[in-house]
Amino acid sequence: MKRTNISSAYQRSRSYSPAVITEGGKTVWLAGHLAWEDEDGNSLAGDFDGQVRCIFRKLNATLQEAGGKLADIVTMTIFLTDVANNTRFVELRKEFFDDPDYPASTLITAAALNRPELLVEINAIAVIT
């Protein structure tokens, strides 16, 4: 896959690209991923950082099943239940993506997700070569 990211310094500081252009590859449409508990069954209720990190691990595991990895994500939509977590989400996302190859991104604040203890949900599209 040929990948081109278009972004300014500000956009890179927020760990996203306003546009990602791809040519070739296999497209994988990822459903919303959630994390009310971690992989060991420990509750993540009220733990924003824990939920975000666990979701990215789950996205990576799903992509590995499809033959890819997190770096293959070209766009994502993030749903937060509290807009105050916006900047923290950006900081956490930088743990999983390298500058300048950030995915395009849309962040939405929602009144609630499908369980009361959920603080974040992420769906994405990846292109795998």
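Coordinate-derived values only; no laboratory data. Everything numeric in this text was worked out from a predicted model, so none of it was measured. Note: ideal-geometry Cβ built from the backbone for every residue, glycine included; neighbour counts use all protein chains shown.
Observations on the model:
- Here the strands (runs of 3 or more DSSP E) wholly within the stretch 1-112 that include at least 2 residues being surrounded by fewer than 16 Cβ atoms within 10 Å (Cβ to Cβ) are 2-6, 19-23, 26-33, 104-109.
- Applying a threshold of 7 Å to beta carbon distances and a minimum spacing of six or more residues, or different chains, the list of pairs starting in the stretch 5-24 at a residue that is free of Cβ contacts under 8 Å to residues at least 60 places away in the same chain and ending at one that is not in a strand (DSSP E or B) reads 6/17; 6/18; 23/1.
- Residue check for residue 125: surrounded by 20 or more Cβ atoms within 10 Å (Cβ to Cβ), touching a Ser or Thr at 6+ places or on another chain (Cβ under 8 Å) and not in a helix (DSSP H, G or I): no
- Among the residues here, residue 57 does not qualify as touching a residue at least 60 places away in the same chain (Cβ under 8 Å) and charged (D, E, K, R).
- Qualifying residue in the stretch 20-40 (condition: within 15 Å of residue 101 (Cβ to Cβ) and of a type in the set (A, V, I, L, M)): yes
- Residue match in the stretch 69-85 (condition: out of contact with any helix residue (DSSP H, G or I) (no Cβ under 6 Å at 6 or more places or on another chain) and basic (Lys, Arg)): no
So that you can scan it fast, the table gives a plain yes or no per residue for (1) more than 16 Å from residue 22 (Cβ to Cβ); (2) out of contact with any strand residue (DSSP E or B) (no Cβ under 9 Å at 6 or more places or on another chain); (3) free of Cβ contacts under 8 Å to residues at least 12 places away in the same chain:
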position	(1), (2), (3)
53	yes, yes, no
77	yes, no, no
82	yes, no, no
92	yes, yes, no
109	yes, no, no
115	yes, yes, no
120	yes, no, no
123	yes, no, no
129	no, no, no
